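The values are calculated or read from the model by the stated rules, or taken from the named source; none is laboratory data. All values derive from a computational prediction rather than experimental measurement. Positions of Cβ are backbone-derived with ideal geometry, glycine not excepted, and every protein chain shown enters the neighbour counts.
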Amino acid sequence: MNITVITTSWSATQGVLLVDDRRFECTLGRSGMIMPSDKKEGDGKTPVGTFPLRQLIYRADRAQKPVTGLPVEILTPETGWCEDPSHPGYNQKITLPHPSVHDRMTRKDRLYDYVVVIGYNDAPVVPGKGSAIFMHLAHPDFTPTAGCVGLRPADMLEVLKCCDKDSRIDIRLPV
């Protein structure tokens with residue numbers, strides 16, 4: 001299944017996620033969109049391009065296992081994501097505690113109750129080209145992300161039903 005995210009401009013922080021004939025509003029990076037060749041760690045931009053969906057990680061302590069064909073893993077308090085370009089584990093899932101700059105995946109808010117790992121900058125990993133690009137839950141007030149794709153909870157569950165191990169996400173501007 002291919003998922004398409006379309007936005008209106010390079011500076012847009014919202015877009016539309018399309019699956020078959022269904023449309024879901026989504027949030028994007030606080031600084032808009034960027035080509036992967038120009039992406040930098042911490043720039044707040046969502047990379048444009050087509051990327052595989054690697055897996056779903058979810059909070060079993062707060063949410064039920066959703067219906068999906070993606071590989072599924074339970075998120076634990078020890079789950080983190082390395083955001084330190086100087087560390088060998090950069091842009092990879094790590095076990096906490098960890099000495100690097102990292103994202104704690106068990107957040108107090110609900111944004112990471114469902115996290116789909118987008119295969120951006122992971123084959124191979126290029127230090128400094130951006131990390132932790134996910135499809136996750138949107139902020140309740142639908143404000144922008146740090147560079148990810150955010151969906152409302154009910155929309156995320158519908159999109160997950162359509163995903164399998166071969167699913168890809170195509171993030172782009174209209175032609």
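Out of all the residues in segment 159-175, which are farther than 12 Å from Ile3 by Cα and not basic (Lys, Arg)? Scanning segment 159-175 gives Leu173, Pro174, Val175.
Within segment 92-129, if we keep just the residues that are part of a loop (DSSP other than H, G, I, E, B) and among the acidic types (Asp, Glu), the residue that is surrounded by the fewest Cβ atoms within 10 Å (Cβ to Cβ) turns out to be Asp109. Reported count of residues in segment 82-108, each being in contact (Cβ under 8 Å) with a residue 24 or more places away in the chain and closer than 22 Å to Pro153 by Cα, is 4. Identification of strands (runs of 3 or more DSSP E) wholly contained in segment 1-41 with 1 or more residues that are among the aliphatic types (A, V, I, L, M) and surrounded by 15 or more Cβ atoms within 10 Å (Cβ to Cβ) yields 2-6, 14-19. Within segment 54-65, residues that are polar (S, T, N, Q) reach partners that are surrounded by 13 or more Cβ atoms within 10 Å (Cβ to Cβ) with beta carbons closer than 8 Å, at six or more positions or on different chains, in the pairs Gln55/Leu70; Gln55/Pro71; Gln55/Val72; Gln55/Glu73; Gln55/Val116; Gln55/Val117. Here is a check on your reading of the model: is Ser11 under 18 Å from Asp122 (Cα atoms) and modelled with pLDDT of 95 or more? No: the conditions fail for Ser11. Among the residues of segment 18-44, those that are closer than 24 Å to Lys93 by Cβ and more than 12 Å from the chain's Cα centre (by Cα) comprise Arg30, Ile34, Pro36, Lys39, Lys40, Glu41, Gly42, Asp43, Gly44. Among the conditions (1) outside any loop (DSSP other than H, G, I, E, B); (2) more than 21 Å from Cys162 (Cβ to Cβ), the only one that Thr50 does not satisfy is (2). Inside segment 42-88, can you point out the residues that are charged (D, E, K, R) and crowded, with 16+ Cβ neighbours inside 10 Å? Those that are charged (D, E, K, R) and crowded, with 16+ Cβ neighbours inside 10 Å: Asp43, Lys45, Arg54, Arg59, Glu83, Asp84. Under the condition of being out of contact with any strand residue (DSSP E or B) (no Cβ under 7 Å at 6 or more places or on another chain) and either assigned to a loop (DSSP other than H, G, I, E, B) or within 18 Å of Glu41 (Cβ to Cβ) (or both), the residues counted in segment 144-172 number 2.
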